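Data block below; observations after.
All of the numbers you see were taken from the coordinates with simple rules; none came from a lab. Note that the structure is predicted; figures quoted are calculated from it, not measured. So basically every Cβ, Gly included, is an ideal-geometry build from the backbone, and we count neighbours across all protein chains shown.
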Amino acid sequence: MFRTAFSALLLAAPALAGGGTTSFEFTDTDGFFALGSAPDEVRFLDAEAKSIGNFSLYHSGFFAWMVRGGMTGVIEFTTPAESVTFFHRDQSASTASSLRAFDPAGNLIFSGTGTQAAWQTRSFGSVAVPVARIELQNVGGGINDHAVIDDFTWVLSEPAMVVCLGDGTSGACPCTNESVVGAGEGCLSSVGQGAKLMASGSTSVAADDLQFHVSQARANQPSMLVQGSVLMSLPFKDGLLCMGNPTERVEVVFLDSNGEGSSASSIVTEGNVTPGTTRFYQQWYRDPGGISPCGTGSNFTQGLEVQWSN
Ligand SMILES: [Ca+2]
């Protein structure tokens, strides 16, 4: 048992390595668009991706993200970013833009003003202090006098690490129903693959925005998000029970016709977690009808490790 838990720790890997980059080479003037894949979207609000024929307003290409006079453009990360880099400038001397960035708890982590004459390179965020929100306020100017951002790149700060896999590397599944090595799943179910648990949001207790997402499980079945304080790898039902001391029930989630579902409750409240604690999570789902690989009628996703912060 000690040995399997140890190998699971060695195999810990980011749950959802992600990020992206855009030069805003498209037109979207309705005040909202999102980039990236749910649940890890980046939302751009109250400004426009567009081309206005002023070539000095594009850091590259022929389009940029522009905030009109009197408006405040907002960029929101559903999962905070450990690194954000972009270019910022004002269209004219009267634009007087103000740029601010905030961490998941709402603390100001960057503040700066735009300039008319040149692009300024903006780069902030870290693993310890990720970026959850950016505001670009165009204080002055008319509606055709823009504060501008272009060539925007972000790297997400993954809130959870994958642990306790059902592919045999964390210990054998109960009836040789191991999933494909490297797939990052739990033990095989009647669906023919293992189920996955992913997390979005932040590990901030103050923000309390962590959310869990199940996929590849049995359709139209109830499932239970469980939490524990100690990592293990114990054959149980058709899968591996990954945590204990104790194993606590956090929330019941009903899976949809795709075998997917997400938590909706406060994990901080339901899990009673505090900053500085490490907790392990897993989804236990029904796989009934006598057709599950080991015949017990339920199974587990792989595990996730979350290190809770302020
Ligand atoms: Ca561009």
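Residues that are away from the ligand (no atom under 16 Å from the Cβ), in a strand (DSSP E or B) and touching a Phe, Trp or Tyr at 6+ places or on another chain (Cβ under 6 Å): does segment 135-149 have at least one?
So the first thing to find is which residues in segment 135-149 are away from the ligand (no atom under 16 Å from the Cβ), and the list is 135, 137-145.
In the following step, the residues that additionally are in a strand (DSSP E or B) were identified as 135, 137-138.
Narrowing the set further to residues that are touching a Phe, Trp or Tyr at 6+ places or on another chain (Cβ under 6 Å) leaves none.
No, because not a single residue in segment 135-149 is away from the ligand (no atom under 16 Å from the Cβ), in a strand (DSSP E or B) and touching a Phe, Trp or Tyr at 6+ places or on another chain (Cβ under 6 Å).
If a residue has to be of a type in the set (Ser, Thr, Tyr), in a strand (DSSP E or B), in contact with a Gly (Cβ under 6 Å, 6 or more places away or on another chain) and within 11 Å of Ala147 (Cβ to Cβ) to count, how many in segment 70-125 make the cut? Selection size over segment 70-125: 1.
Does Phe254 fit the bill of being in contact (Cβ under 8 Å) with a residue 40 or more places away in the chain, in contact with a Gly (Cβ under 7 Å, 6 or more places away or on another chain), aromatic (Phe, Trp, Tyr) and farther than 14 Å from Gly186 by Cα? It is false that Phe254 is in contact (Cβ under 8 Å) with a residue 40 or more places away in the chain, in contact with a Gly (Cβ under 7 Å, 6 or more places away or on another chain), aromatic (Phe, Trp, Tyr) and farther than 14 Å from Gly186 by Cα.
Being acidic (Asp, Glu) and more than 21 Å from the chain's Cα centre (by Cα) is the filter here, so list the residues in segment 244-255 that pass it.
Result: Glu248, single match.
You will find that of Gly201, Gly244, Gly194, the residue that is within 24 Å of Pro130 (Cβ to Cβ) and not aliphatic (A, V, I, L, M) is Gly201 and no other.
With respect to Val250, determine if the residue is hydrophobic (A, V, I, L, M, F, W, C), over 23 Å from Ala183 (Cα atoms), touching a strand residue (DSSP E or B) at 6+ places or on another chain (Cβ under 6 Å) and not in a loop (DSSP other than H, G, I, E, B). Yes. Taking the criterion of being out of contact with any helix residue (DSSP H, G or I) (no Cβ under 6 Å at 6 or more places or on another chain), crowded, with 18+ Cβ neighbours inside 10 Å and on the phi > 0 side of the Ramachandran plot, would at least one residue in segment 193-201 satisfy it? Looking for residues that are out of contact with any helix residue (DSSP H, G or I) (no Cβ under 6 Å at 6 or more places or on another chain), crowded, with 18+ Cβ neighbours inside 10 Å and on the phi > 0 side of the Ramachandran plot, one finds at least one in segment 193-201, hence yes. A single member of Leu234, Leu241, Leu225 is buried (at least 21 other Cβ atoms within 10 Å of the Cβ) and touching a residue at least 40 places away in the same chain (Cβ under 8 Å), and it is Leu225.
For segment 43-89, taking the residues that are closer than 24 Å to Asp209 by Cα and among the aromatic types (Phe, Trp, Tyr), the one that is farthest from the ligand (Cβ to nearest atom) is identified as Phe77. Scanning segment 202-217 for residues that are buried (at least 23 other Cβ atoms within 10 Å of the Cβ), more than 18 Å from Gly106 (Cβ to Cβ) and either in contact with a helix residue (DSSP H, G or I) (Cβ under 9 Å, 6 or more places away or on another chain) or not hydrophobic (A, V, I, L, M, F, W, C) (or both) turns up just one, Phe212. When segment 253-293 is filtered for residues that are surrounded by 12 or more Cβ atoms within 10 Å (Cβ to Cβ) and part of a strand (DSSP E or B), the ones remaining, listed by number, are Val253, Gly261, Ser262, Thr278, Arg279, Phe280, Tyr281, Gln282, Gln283, Trp284, Tyr285, Arg286. Checking each residue in segment 18-37 for being of a type in the set (Val, Ile, Thr), within 14 Å of the ligand (Cβ to nearest atom) and assigned to a loop (DSSP other than H, G, I, E, B) picks out only Thr27.
Considering only segment 66-103, state which residues are under 28 Å from the mean Cα position of the chain (by Cα) and basic (Lys, Arg). Within segment 66-103, just Arg100 meets the criteria.
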